[in-house]
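Everything below concerns the one structure shown next.
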Amino acid sequence: MHLLNLGILAHVDAGKTSLTERLLHAAGVTDEIGSVDAGSTRTDTLALERRRGITIKSAVVSFPLDTVTVNLLDTPGHPDFIAEVERVLGVLDGAVLVVSAVEGVQAQTRVLMRTLRRLRIPTLVFVNKIDRRGAGDRAVLDEMARRLAVPLVAMGTAAAPGTPAARFVPGLGPSALDTLTDHDDGLLSAYVDGRVTAGLLRAALARQTRRALVHPVYFGSAITGAGVAELIDGIERLLPTAGGDPDGPLSGTVFKVERGPAGEKVAYARIFSGTLRVRDRVPFGAAREEGRVTALTVFDRGDDSRQDGAAAGRIARVWGLGGIRIGDALGAPAQAYEHHFAPPSLETVVVPGPGTGRRSLHLALTQLAEQDPLIGVRHDEVRGETSVSLYGEVQKEVVQATLAEEYGLDVAFRETTTLCVERLTGSGHAVEFNKRDGNPFLATVGLRADPAPPGSGVGFRLEVELGSMPYAFFKAVEDTVRETLGQGPHGWQVPDCTVTMTHSGYSPRQSHAHQGFDKSMSSTGYDFRGLTPLVLTEALRRAGTRVHEPVHRFRLEAPADTLGALLPVLARLGAVLERTGARDRACVLEGAVPAARVHELEQRLPGLTRGEGELETAFDHYAPVTRGPVPERPRTDHNPLDRKEYLLNVTRRVGD
């Protein structure tokens, strides 16, 4: 039977998890439909998820249809947990985007659809809650066409929307032909010649949906079951199934890591090619570390079961790979692991409460970072503080509750601050030579730092011969370069630059008669790890950096007569208006605002708009800080900006 790895995505409270429960029930996997309110859903397994009524971690559950077995991945809808969605996207064959028939297109809806389109993931749209008061079909369809700006094909209409009797009436409308002929010259020719048949139309719809050219739209209700049978039919007929040769070379991607009952790591992996088997030795990760698979399970009929192997197309839970991390490739890399959404733009210091030791707190946060690497645990050795990167206040509350419930640790948080970055304004070069000019390290390191385009990441290159010294020394330099770039001259991460090694040198072991090798006069990896921060920081200083702050795109809809009160407040908050418009008696403002001022805007909006204002924001880009003093971030390293202090701290540690 064919396999389909299907993601369910939505803005929070659109009914995504309820739809998952309805699909499982319709497929015969469950006898009763789980309830989010009652905390009885199959995919929200964490106590915290059931108590809050939101999805926090992605979950996998399987169900069979007539011709395909579906591995359904339920993802969080709250924007604070967008990283969970990101990790799932790379393993999907198709998706269902859930939109509320009452609230319509929301901020997260647009973010998700833009990403699905960019990744060309075939996607169906399910307009949920047609049985709720205020629900609509035509109005929501028009809003999706306008605000999502993607080709949509309505698969029918909603009868009696806004009432408990609401139901879905299948049937392609006249506009479907217009949409499909835009992407199919053969269908257009058949239309001109009067040869279009229902079969020809259905074939074109399936073909274009699988190529992510159009998106079929269904109307229904996860609570009553209206429209769900038709959606299931669309999932089976219109979305592509998993490919991959089970006899080919092994290739898979890890998209989730959790800890088992005994504290062991369990990896969730999508197998793209080959077959992963128990007792196999498997290379994984960038370092191509090897581990032996001790056990694995695959998902089937609402549960996962122990198997000897998982073939191409499957999603497996894998034991035995102790060093595994999210994003690691198993076997041959299937595809580069990419970030599709913005990184966290907030940071807070975690303060241990009574009875909570700093070591146990750091260990717990490190384990949480295995499951969510983007929380970015940062330890300040000088102040003995640990901070984490976050997407929002809800995520902070979840981290606090998780530490209390799973680790028994009582913590509080300091005020959340904005995370900036530093970008190079020019190029800079620095070099230190072995045994010269007060260099206490037995190493020569020369580095040039050049700016790179935003989003390109850190590149490391060599302008010296790779054989000029042992490879381990080059690796020590590269690893330390990447670590050092976590704190630029102003203390912020330098995310995009190219660092080139221009000089290298080392002291080989000297052989003396009757004494063997003199280890005290030979270079070690420590020398290169100790010298590199000094050289790179000087290169960055000479290049110059400028602090950039995160900027959010916003869309604000408010009564037209409140515009006079809104505009001066937006100006004071540093917002830049890019587009204004009107809808009925409302004004629509679109533009950009510094992320640090979003919370204040949210707080002031109800008073400025009589409680009728609606604000959508999402990270868009980083921009140079132009107001006030340049933000500085306290350093957590041994401060290579101050050579004397750095050498005192580092060389003192050698003797410890």
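Observations
- Residues of the range 128-150 satisfying the condition of being at pLDDT below 90, of a type outside the set (Gly, Ala, Ser) and assigned to a loop (DSSP other than H, G, I, E, B): ASP137
- So LEU641, is it closer than 30 Å to ALA539 by Cα, surrounded by 12 or more Cβ atoms within 10 Å (Cβ to Cβ), more than 28 Å from the chain's Cα centre (by Cα) and modelled with pLDDT of 90 or more: yes
- If you filter the range 341-392 down to residues that are modelled with pLDDT under 80 and of a type in the set (A, V, I, L, M, F, W, C), you find that the one that is nearest to GLU632 (Cα to Cα) is VAL382.
Yes/no matrix, rows are residues, columns are (1) in contact with a helix residue (DSSP H, G or I) (Cβ under 9 Å, 6 or more places away or on another chain); (2) within 30 Å of ARG147 (Cβ to Cβ); (3) in a strand (DSSP E or B); (4) not hydroxyl-bearing (Ser, Thr, Tyr):
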site: GLU590; (1), (2), (3), (4): no, yes, yes, yes
site: LEU601; (1), (2), (3), (4): yes, yes, no, yes
site: GLU616; (1), (2), (3), (4): yes, yes, yes, yes
site: TYR622; (1), (2), (3), (4): no, yes, yes, no
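- Any chance ARG542 is closer than 30 Å to PRO451 by Cβ, open to solvent by 20 Å² or more (accessible area, probe 1.4 Å) and in contact with a strand residue (DSSP E or B) (Cβ under 7 Å, 6 or more places away or on another chain): yes
- Residue list for the range 545-563, filter: farther than 25 Å from ARG146 by Cα and open to solvent by less than 60 Å² (accessible area, probe 1.4 Å): THR545, VAL547, HIS548, GLU549, PRO550
- Some residue of the range 338-349 being under 19 Å from SER251 (Cβ atoms), under 22 Å from the mean Cα position of the chain (by Cα) and open to solvent by 20 Å² or more (accessible area, probe 1.4 Å): yes
- Residue, nearest to VAL625 (Cα to Cα), within the range 572-588, restricted to residues that are open to solvent by less than 60 Å² (accessible area, probe 1.4 Å) and not in a strand (DSSP E or B): GLY574
Condition check ((1) touching a strand residue (DSSP E or B) at 6+ places or on another chain (Cβ under 9 Å); (2) open to solvent by less than 20 Å² (accessible area, probe 1.4 Å); (3) closer than 19 Å to ASN639 by Cα) across all residues:
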| position | (1), (2), (3) |
| --- | --- |
| SER456 | yes, no, no |
| PHE460 | yes, no, no |
| TYR471 | no, no, no |
| ARG482 | yes, no, yes |
| LEU485 | yes, yes, yes |
| GLN493 | yes, no, yes |
| ASP496 | yes, yes, no |
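- Test: GLU432 is buried (at least 16 other Cβ atoms within 10 Å of the Cβ), within 25 Å of GLY530 (Cβ to Cβ), in contact with a helix residue (DSSP H, G or I) (Cβ under 6 Å, 6 or more places away or on another chain) and touching a residue at least 40 places away in the same chain (Cβ under 8 Å): yes
Yes/no matrix, rows are residues, columns are (1) under 13 Å from LEU536 (Cα atoms); (2) in a helix (DSSP H, G or I); (3) without any contact (Cβ under 8 Å) to a residue 24 or more places away in the chain; (4) of a type outside the set (Ser, Thr, Tyr):
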{"residue": "LEU447", "(1), (2), (3), (4)": "yes, no, no, yes"}
{"residue": "GLY455", "(1), (2), (3), (4)": "no, no, no, yes"}
{"residue": "GLY459", "(1), (2), (3), (4)": "no, no, no, yes"}
{"residue": "ALA472", "(1), (2), (3), (4)": "no, yes, no, yes"}
{"residue": "GLU478", "(1), (2), (3), (4)": "yes, yes, yes, yes"}
{"residue": "GLN487", "(1), (2), (3), (4)": "yes, no, no, yes"}
{"residue": "VAL499", "(1), (2), (3), (4)": "yes, no, no, yes"}
{"residue": "THR502", "(1), (2), (3), (4)": "yes, no, no, no"}
{"residue": "GLY505", "(1), (2), (3), (4)": "no, no, no, yes"}
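- Failed item in (1) at negative phi; (2) buried (at least 17 other Cβ atoms within 10 Å of the Cβ); (3) out of contact with any His (no Cβ under 8 Å at 6 or more places or on another chain), with VAL445 passing the rest: (3)
- Residue selected from the range 357-367 under the condition in contact (Cβ under 8 Å) with a residue 12 or more places away in the chain and open to solvent by 20 Å² or more (accessible area, probe 1.4 Å), by the criterion nearest to the chain's Cα centre (by Cα): GLN367
- Residue match in the range 371-393 (condition: more than 30 Å from GLY488 (Cβ to Cβ) and either in contact (Cβ under 8 Å) with a residue 12 or more places away in the chain or not in a loop (DSSP other than H, G, I, E, B) (or both)): no
- Condition broken by PRO261, with the remaining ones in (1) open to solvent by 30 Å² or more (accessible area, probe 1.4 Å); (2) within 30 Å of VAL421 (Cα to Cα); (3) in a loop (DSSP other than H, G, I, E, B) satisfied: (2)
- Some residue of the range 303-314 being surrounded by fewer than 17 Cβ atoms within 10 Å (Cβ to Cβ) and either at pLDDT below 90 or of a type in the set (A, V, I, L, M, F, W, C) (or both): yes
- Residue match in the range 101-109 (condition: open to solvent by less than 10 Å² (accessible area, probe 1.4 Å) and modelled with pLDDT of 90 or more): yes
- Looking across the range 219-250 at every residue that is open to solvent by less than 10 Å² (accessible area, probe 1.4 Å) and not in a loop (DSSP other than H, G, I, E, B), the one that is farthest from ILE271 (Cα to Cα) is identified as PHE219.
- Which listed residue, of VAL91, VAL111, VAL125, is part of a loop (DSSP other than H, G, I, E, B) and β-branched (Val, Ile, Thr): VAL91
- Each residue in the range 394-440 was checked for being part of a strand (DSSP E or B), in contact with a Gly (Cβ under 6 Å, 6 or more places away or on another chain) and of a type in the set (D, E, K, R), and 1 pass.
The values are calculated or read from the model by the stated rules, or taken from the named source; none is laboratory data. Because the structure is predicted, anything quoted here is derived from the model rather than measured. For neighbour counting, all protein chains shown are included, and Cβ atoms are generated from backbone atoms with ideal geometry for every residue, glycine included. Accessible surface areas use protein heavy atoms only, side chains included; no ligands, DNA or RNA. Shrake-Rupley method; radii C 1.70, N 1.55, O 1.52, S 1.80 Å.
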